[in-house]
1. Just give me the residues in the stretch 135-157 being at pLDDT below 80 and either buried (at least 20 other Cβ atoms within 10 Å of the Cβ) or in a loop (DSSP other than H, G, I, E, B) (or both), in sequence order.
2. In the list 107, 86, which residue meets the criterion of being touching a Leu at 6+ places or on another chain (Cβ under 9 Å) and buried (at least 17 other Cβ atoms within 10 Å of the Cβ)?
3. (1) over 27 Å from residue 80 (Cα atoms); (2) at pLDDT 80 or above; (3) in a loop (DSSP other than H, G, I, E, B); (4) not aromatic (Phe, Trp, Tyr): which one isn't true of residue 35, the others all being true?
4. Looking only at the stretch 414-437, decide whether some residue is assigned to a helix (DSSP H, G or I), in the same structural domain as residue 130 (by TED's automatic domain parsing) and modelled with pLDDT of 85 or more.
5. Identify all residues within the stretch 277-304 that are in a helix (DSSP H, G or I), touching a residue at least 12 places away in the same chain (Cβ under 8 Å) and over 16 Å from residue 199 (Cα atoms); write none if there are none.
6. Quick check: is even one residue across the stretch 11-19 under 21 Å from residue 394 (Cα atoms) and modelled with pLDDT under 85?
7. Exactly one condition in (1) under 30 Å from residue 10 (Cα atoms); (2) at pLDDT 80 or above; (3) of a type in the set (Val, Ile, Thr) is not met by residue 442; state its number.
8. Out of 398, 353, report the one residue that is under 25 Å from the mean Cα position of the chain (by Cα) and at pLDDT below 85.
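The values are calculated or read from the model by the stated rules, or taken from the named source; none is laboratory data. Given the structure is predicted, the values throughout are model-derived calculations rather than measurements. Note that each Cβ is placed from the backbone with ideal geometry, even for glycine, and that neighbours are counted across all protein chains shown.
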Amino acid sequence: MSEEQPPQEEKAVVTEEDLQVFDHRTDQPPADFAADVLVSQLSADVVKTPEEERACCKKCCGCYPLGDQPKLDEEVMDDEAIKQEMKENLEAMTPAEKDAIMKYADMRATYQGPFQDFWEDAIEQDENYRVIFSLSQMTSRVWTDKFCTDLWLFSLQKHPLLGFMAHHTHPLELADRTFIFITGFCICLINQIAPLCDREVCENTCFHMFVNNGVCEDGGNFTWAGRDSNYSFAADYQGSDDFSGGLYQLNGPYACDYGTDCMDCGVRDSEWLRRAAVDKSHPDSPGLWCFSNEQVYVKTVLMTFMIIPVSFTVITNLLLCKCCITQDNVQRKIFWTDFGQNLGNLIVVCLVTFAGYLTKSYIDRGVNFLVLLANKAFVFSLIGGINVAVFIMSYKSTKAKIYKYKGMRNFIRANYTLNGALDSASTLEDVKANRKAILKDIAESGAVMG
């Protein structure tokens, strides 16, 4: 048997220079990118806001720049603790990944937004850099150290509609975002195909010989099917739910459709004939497709606050397959990426089919597209509100962590990692080497047996 082993991925060598702690309050920005710094964190450049002028909401949300938050001074780590965390993080990477993180840390210290041309060269030249940049677009809260700008950038990445303007370098491509949008549209369409029961059905559109003749002929006391009813009911039928007897079985359906003989039958209330209220043994099952006020209210709440957000989250994560981006096994990465994306696409296709099936008969009566648009607008507004709430809750804590590490450079070097996770050329070679070794073993075994 062959003893040939595939090459092992080497780990990065971390030097003292790599572990230099930069204090954003006193040390100059990275020399290579000093001219590109948009927001200086140097104490001499930060304008302090007097305590009496600080607004309550800004205190809560962390709206002030990093350098203008004196309460954070108490949480700053010492240099040795920062060095130790940076060393543990960087040593777990490959040399190429470590270089990408180091460069990314320097560039992020300029506080440039992710859609500037400033990042283009590094993204195009280094796949490791592109991956860490893409991951940051999904997770970062602080890009420019300006509350409103960072909130807008966060919303562009998280919102299913606004995201159409921000697919550049993001793992979710334009086609993926389209699928997510279609998901919301279909669920909103399904949500609308749940009409309230008409509590006052009163028309006189039946054939003129049956209108105002003193005889109620729409069958509304027993059924909703009218002229399509399977049976008529005997005069002595007492409204029993037991339809197994023969009292109601007379010849032919009713002369009028439900609610169209109002002058003889009076105003009809459809709620008691809805599907949920009709016994399954009724000869004209399954009942009217309508819902009571309580049902519509519960359905709307569940759709709006649970089903739609969960569906967006599930489809997004399946299409994105975030864990696959940092998968260190090439074959697993390919398999689970394809699996997640295909499953996400399948769910969207099923939603489209289901929405089409439910709306087929309803469209004949007319879908109110203004209501559908209003529903969709409300859902997008709700998601936007959730994004704002999530951002506010995490923005201040993220700033506190950056300040704790004495600035963006140290923070990224101590926390951002690919951890040997990006499939480099050597990892691909590992797979090929394994295959060659197995084939060689099989060939040698065959030769021995021969």
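1. Those that are at pLDDT below 80 and either buried (at least 20 other Cβ atoms within 10 Å of the Cβ) or in a loop (DSSP other than H, G, I, E, B) (or both): none in the stretch 135-157.
2. That would be 86, the only listed residue that is touching a Leu at 6+ places or on another chain (Cβ under 9 Å) and buried (at least 17 other Cβ atoms within 10 Å of the Cβ).
3. Condition not satisfied by residue 35: (3).
4. yes
5. 299, 300, 303, 304
6. The answer is no; no qualifying residue exists.
7. Status for residue 442: all satisfied but (2).
8. 353
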